[in-house]
Amino acid sequence: MTTNRTFTMVKPDAVESGNAGAILKMIEEGGFRIVALKKTLLTKERAGEFYEVHAARPFYNDLCAYMSSGPIYAAILEKDNAVADFRTLIGATNPANAAEGTIRKLFAKSIEANAVHGSDSDENAAIEGSFFFSKTDQF
Ligand code: GDP
């Protein structure tokens, strides 16, 4: 099944440095419609639940501490080919490898504090969106 939605978070480093508005502007200018949006703070436990797939990775504890270190913006986005096009817009996980003009190249501070999250599949986009939003939050 194909879907035209993806899920993103503006991560704590980007919110803290005042870049959330610029990032959301790039997302809208990239042709994505914001279906749902909220500013929220993850507890370390909830960050751990979100990133459970990475539980065995050496950076998991640091990642959960970082993702709960300050508020984030969570959003569901809509566009044709949303998952792949959004991964292109944000660039590589490590900003050192991210293409010029991508969100991570412009705003990320490190491989961990890399400014934004983007779902890696349609299935995960749906799971991650429902982690933060109910059906009645989506317009
Ligand atoms: P993404 O899909 O590009 O976000 O990358 P991954 O799913 O592989 O990793 C999830 C998140 O974990 C990344 O966005 C980073 O915030 C963090 N991360 C990934 N790799 C590393 C690493 O090698 N070290 C640290 N400290 N964090 C990492």
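The values are calculated or read from the model by the stated rules, or taken from the named source; none is laboratory data. All values derive from a computational prediction rather than experimental measurement. Neighbour counts are summed over all protein chains in view; Cβ atoms, including those assigned to glycine, are modelled from backbone coordinates with ideal geometry. Ligands, DNA and RNA are excluded from the accessible area calculation, which covers all protein heavy atoms including side chains. Shrake-Rupley method; radii C 1.70, N 1.55, O 1.52, S 1.80 Å.
Assorted remarks:
- Straight-distance candidates among the aspartates and glutamates for linking to residue 105, with alpha-carbon spacing under 20 Å and chain neighbours fewer than 8 residues away dropped: 13, 16, 28, 29, 85, 120.
- In this structure residue 25 has an accessible area near 120 Å², from a 1.4 Å probe over the protein heavy atoms.
- Dipole in debye (nearest 20) - the chain, about Cα centre, beta carbon charges: Lys, Arg +1; Asp, Glu -1: 260
- Long-range tail of P(r) for the chain (Cα pairs > 18 Å, %): 52
- Dipole-positive endmost among 83, 96, 4 within the chain (Cβ charges, Cα centre): 96
- Listed by chain and number, the aspartates and glutamates whose alpha-carbon sits under 18 Å from that of residue 135, ignoring those within fewer than 8 places in the same chain, are 78, 122, 123.
- Taking 0.36 nm per residue of separation and subtracting the current Cα-Cα distance, fully stretching the chain between residue 81 and residue 16 would add 20.4 nm.
- For residue 109, the lysines whose Cα falls under 30 Å of its own Cα, not counting residues fewer than eight places away in the same chain, are 11, 25, 38, 39, 44, 79.
- Extension gain (nm, one decimal) between residue 138 and residue 57, 0.36 nm per residue minus Cα-Cα: 25.9 nm
- Simple point charges give the picture: +1 on the Cβ of Lys and Arg, -1 on the Cβ of Asp and Glu, and for region 1-46 a dipole about the Cα centre of about 200 debye.
- 222 nm mean residue ellipticity, helices alone, for the chain (DSSP H n ≥ 4; -39,500 (n - 2.57); rounded to 500): -10500 deg cm²/dmol
- Furthest towards positive pole of dipole, 50, 19, 134, structure part region 5-134, Cβ charges: 19
- Estimated FRET transfer efficiency when R0 is 22 angstrom, pair residue 29-residue 123 (beta carbons, to 0.05): 0.20
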